[in-house]
């Protein structure tokens, strides 16, 4: 954050304050029932939205208010069409068709953003400008140093504001030039914005070059596999009071996903039904869905959006990216996706990890291959299926199809086993949840502002809530499974870039930075479960750039030179989760992924094993081992087997630190310029005694209990009975 030339403020004495307070009180009493009250409120810099924000969020900073007008900007004005009814402050947006330039708007400086409305009496806001690591405010007459920039600013100022001063406000997503009625007003706004920016935690970069700070004393909970995770999500959604944010790579068509199983016992917990129920109770629901290339990836996101928006006027849905614009673009946006999996409840509880709200993700620790029970969804069914319809799937045999018929089987379950789905997710409460919500809001507003035409249906902008939040009680109805730990330090990480979040010139890859740093600082071991392992190698003329593999090589060489024991345990799928076998013509995707993974691990001089052998380590297996998972079952009297598909994205370091989220170990997830991702780095300050080798050490409860839970499941222990 850059601040220029702070303005000195002379503090009045107590007598002056009392006299002014008495005068203003009498003035308000005299004018409150007259038409002059609007002028008085304008003089006092009071607005309907400003008062409401101060009442709802009294802990937030409230700065200057007043009229400014937008002279120019580097990004796009939000397109508005017509007025809709006001919705709750904090997540509302004025939808008014009118000329935006030359027209004064009422600006309000809040704790980490600037918001404007068309008039002081309106609650609905026109645009939002967030503070971030490159936030900067400049008074044009004083700070336009470069001659060309100074000429451009003053030319615009003279043309659009009759020669009055202009404020230039900049963040990662662009610049906004605001005209004021005189230099005094411009300086007052500048001073208020500078004070807000100095006190905002968002005005600088943090560890790992992340947008989010480290939060201490946080309540965290891990979930292994889909059953417990989706149950907890259903509890949180059911008891949501104000808002629900959902961001998914795949949200199933018609949302025919049962969050609780069997479906015959919990029909009310079908995702679309619970969302409809909450929307009718007045909860605002915001959903971002990845807009797929339909020919290559038929996720039916357009049907999901249509169905969800028809459920209630309180449900708002955006898809991105625009495929029509991608065709005209010179970039490779057709190849990249929004891969986050996010659910935020009331800006206080957030879920992240590897599980989309879609088919095939619900599973139990037993990872059954067979489900040949009665398909009826009637309540009197005594042998109901746990994976009804399309939920019984095996992408290795046949990918999802005919999603417009969700209750029809995807394949013949009497002959073919399902492929079990192993995943890891987590819940965070308090400030980390608000950090995730801020990421969602930043993405949401970018998508809303990017639209070239006004949306056909109300699509409001959003503002973040203040950072201050108290710890949640274990008896909070939105909490189901108890907190694993209540004393973790948590930092939210992400992979974002200009195409995914609208930054002008910055790519954030704080997830990769955290992985590399944690591996470098590890003392005893790392434990990784990931869907892919493509890192730090060469494939012909193609260089794999992410540095996770290089960090593992460096750490093993250091352990060898120091004569210390160190271990990397890595679990990946036995075969990528795509149809066709390696030796079939249609198996090009499977072959390419396996080729890339083998060259990352053991094939060629640029692989991890190759570089370790070159460094004099004859047996890399002494330090680095890879595993996969498989299960078996009985189908129609015949034994069947199938891999347990590892979809988790987690790394545990020394039983002290955990990195968990949506990011795979590959170029798409780690570089930041490709797929958008989110993750959390968790370090528990609640330490317990443990022994590694012969050394007694202190480890974190969150990390150790997660690793033991994972390993227990993998070696066949019935974790539900423990």
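The values are calculated or read from the model by the stated rules, or taken from the named source; none is laboratory data. Quantities reported herein were computed from a predicted structural model and do not represent experimental measurements. Every residue, glycine as well, gets a Cβ built from its backbone with ideal geometry; the counts of neighbours run over all protein chains shown.
Matching residues to (1) assigned by TED's automatic domain parsing to the domain that holds residue 441; (2) modelled with pLDDT under 90; (3) in contact with a strand residue (DSSP E or B) (Cβ under 9 Å, 6 or more places away or on another chain); (4) under 30 Å from residue 504 (Cα atoms):
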| residue | (1), (2), (3), (4) |
| --- | --- |
| 48 | no, yes, yes, no |
| 55 | no, no, no, no |
| 64 | no, no, yes, yes |
| 83 | no, yes, no, no |
Would a scan of the stretch 321-330 turn up a residue that is touching a residue at least 60 places away in the same chain (Cβ under 8 Å), in contact with a strand residue (DSSP E or B) (Cβ under 9 Å, 6 or more places away or on another chain), in the same structural domain as residue 439 (by TED's automatic domain parsing) and surrounded by fewer than 23 Cβ atoms within 10 Å (Cβ to Cβ)? yes
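Per-residue answers, yes or no, for (1) touching a residue at least 60 places away in the same chain (Cβ under 8 Å); (2) within 27 Å of residue 708 (Cα to Cα); (3) touching a helix residue (DSSP H, G or I) at 6+ places or on another chain (Cβ under 8 Å); (4) part of a helix (DSSP H, G or I):
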site: 491; (1), (2), (3), (4): yes, yes, yes, no
site: 514; (1), (2), (3), (4): yes, yes, yes, yes
site: 520; (1), (2), (3), (4): no, yes, yes, yes
site: 523; (1), (2), (3), (4): yes, yes, no, no
site: 526; (1), (2), (3), (4): yes, yes, yes, no
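Table: residues versus (1) in a helix (DSSP H, G or I); (2) under 27 Å from the mean Cα position of the chain (by Cα); (3) surrounded by fewer than 20 Cβ atoms within 10 Å (Cβ to Cβ).
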{"site": "479", "(1), (2), (3)": "no, yes, no"}
{"site": "483", "(1), (2), (3)": "no, yes, yes"}
{"site": "545", "(1), (2), (3)": "no, yes, yes"}
{"site": "553", "(1), (2), (3)": "yes, no, no"}
Of the residues 464, 455, 460, only one is more than 26 Å from residue 241 (Cα to Cα), in contact (Cβ under 8 Å) with a residue 12 or more places away in the chain and outside the structural domain of residue 693 (by TED's automatic domain parsing); which? 455
Output for the stretch 629-656, where each listed residue is at pLDDT 95 or above and in a loop (DSSP other than H, G, I, E, B): 629, 644, 647, 648, 654, 655, 656
For the stretch 263-274, does any single residue satisfy the condition of being out of contact with any helix residue (DSSP H, G or I) (no Cβ under 9 Å at 6 or more places or on another chain) and either assigned by TED's automatic domain parsing to the domain that holds residue 381 or more than 20 Å from residue 376 (Cα to Cα) (or both)? yes
Condition met for residue 626 (touching a helix residue (DSSP H, G or I) at 6+ places or on another chain (Cβ under 7 Å), at pLDDT below 95 and not in a helix (DSSP H, G or I)): no
Residues in the stretch 231-246: is at least one in a loop (DSSP other than H, G, I, E, B) and closer than 28 Å to residue 368 by Cα? no
Quick one: which of 446, 503, 440 is outside the structural domain of residue 684 (by TED's automatic domain parsing) and over 23 Å from residue 56 (Cα atoms)? 446
